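Encoded as structure tokens, the structure appears first; notes follow it.
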Amino acid sequence: MPDHGRKVQAFYMSFLELGHAQMCRENAWLCVCAHTSVMVNKMMGGLSQMVGCILKQLFPKDGCNLTDTGIHLSFQDEEPIRLFAKFTTMVQDGGAHKEVWQCKGDAGLRMCIGCNVVLSNTNIMEFCTSDKLVQNCIKASELTFAEDADIRDATNRLKRFHDAGHPEFENIERSIGLTYCAYMLLNDPALDDVIKPASQFMHDWMHGLFANGVFNLVMHYLIQSLEDEGVEVYDMMFAYIKEWHFPRRVGNQNLQETFNKKTQERQQEFL
């Protein structure tokens, strides 16, 4: 059995003023916390409460915080400065979104907590408590995305239904798109002025571009256009990758099969 006892949940922060370096250079990442996953999982609310604890250290409601008080920085040969910061964006993948915001995640009925759209093949409208929930929209122009106040209101409604012991509470959770937890980030009054769930919500660039993202589609059209011009890209890539030799610990990955003829035919049928 694999031992997950050494897994670590790491939290980093950076500054928008650093530009593109904040995302592509590790020197621009400031590690603010690292805890074992075993410890985080034992906490009520798990990762959601963990993030709340970190934010309350940086932006406490009472006392010194980065937004109002800042940090006094002294230098040997220069004038001291005071650095201020505010929390603007939380970059996460789908799994982290689910754990931190207690939303239903990528496999839920909603795509994210900012959506007012659900799958069309469900009976969730029967349990919907909001008149903003719609189905069968295919254009972004037809959508009204949830704002910070909307998600706050949804969290409060969820808590009221939970405290009242509503018999259809599980279906209400599904319609709202959140999982109730007493220690969830959105239930912490100390962070009411810090957390803006819609404004600060962001998918990390890797999952947005590479993991079932737009990069795969663009690359396919590039390869297909070269094939149409007589360049046998699939055959070239298949032969090239077949010569790769992976370390023994990795094993035989058969990555060349990504460029076999069957793959080419399936992709053409899909598109």
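The values are calculated or read from the model by the stated rules, or taken from the named source; none is laboratory data. In this text, all values refer to a predicted model and were calculated from it rather than measured experimentally. Here the Cβ is made from the backbone with ideal geometry for all residues, glycine too, and neighbour counts use every protein chain on show. Each accessible area value is taken on the protein alone, full model and side chains, heavy atoms only, with ligands, DNA and RNA left out. Shrake-Rupley method; radii C 1.70, N 1.55, O 1.52, S 1.80 Å.
For the range 228-243, filtering for residues that are assigned to a loop (DSSP other than H, G, I, E, B), exposed (fewer than 10 other Cβ atoms within 10 Å of the Cβ) and either on the phi < 0 side of the Ramachandran plot or at pLDDT below 85 (or both) leaves 2.
Listed here are the helices (runs of 4 or more DSSP H) enclosed by the range 109-209 that have at least 2 residues being out of contact with any helix residue (DSSP H, G or I) (no Cβ under 8 Å at 6 or more places or on another chain) and modelled with pLDDT of 70 or more: 148-163.
Of the residues in the range 17-25, at least one is part of a loop (DSSP other than H, G, I, E, B) and either among the small types (Gly, Ala, Ser) or surrounded by 10 or more Cβ atoms within 10 Å (Cβ to Cβ) (or both).
If we scan the range 1-16, do we find a residue that is farther than 25 Å from PHE210 by Cα and either surrounded by 13 or more Cβ atoms within 10 Å (Cβ to Cβ) or among the hydrophobic types (A, V, I, L, M, F, W, C) (or both)? Scanning the range 1-16 turns up at least one residue that is farther than 25 Å from PHE210 by Cα and either surrounded by 13 or more Cβ atoms within 10 Å (Cβ to Cβ) or among the hydrophobic types (A, V, I, L, M, F, W, C) (or both).
Could you run through the range 55-73 and say how many residues are open to solvent by 90 Å² or more (accessible area, probe 1.4 Å) and part of a loop (DSSP other than H, G, I, E, B)? Total satisfying the criteria: 4.
Can you tell me which residue in the range 31-40 is surrounded by the fewest Cβ atoms within 10 Å (Cβ to Cβ), limited to those that are closer than 22 Å to LEU58 by Cβ and over 19 Å from the mean Cα position of the chain (by Cα)? Only one residue tops the list, namely MET39.
Taking the range 41-54 as the range and being open to solvent by 30 Å² or more (accessible area, probe 1.4 Å) and assigned to a helix (DSSP H, G or I) as the test, the residues that pass are ASN41, LYS42, GLN49, CYS53. Criterion first (more than 30 Å from ILE54 (Cα to Cα), touching a Lys or Arg at 6+ places or on another chain (Cβ under 9 Å) and either touching a residue at least 24 places away in the same chain (Cβ under 8 Å) or not polar (S, T, N, Q) (or both)) does PHE215 satisfy it? When the stated conditions are applied, PHE215 does not pass them. Within the range 74-105, the set of residues being among the small types (Gly, Ala, Ser) and surrounded by fewer than 11 Cβ atoms within 10 Å (Cβ to Cβ) comprises SER74 only. Can you spot a residue in the range 187-202 that is closer than 22 Å to PHE87 by Cα, of a type outside the set (Lys, Arg) and in contact with a strand residue (DSSP E or B) (Cβ under 6 Å, 6 or more places away or on another chain)? Yes, the range 187-202 contains a residue that is closer than 22 Å to PHE87 by Cα, of a type outside the set (Lys, Arg) and in contact with a strand residue (DSSP E or B) (Cβ under 6 Å, 6 or more places away or on another chain). Taking the criterion of being over 19 Å from THR67 (Cβ atoms) and over 14 Å from the mean Cα position of the chain (by Cα), the residues of the range 178-209 that qualify are LEU178, THR179, TYR180, CYS181, ALA182, TYR183, MET184, LEU186, ASN187.
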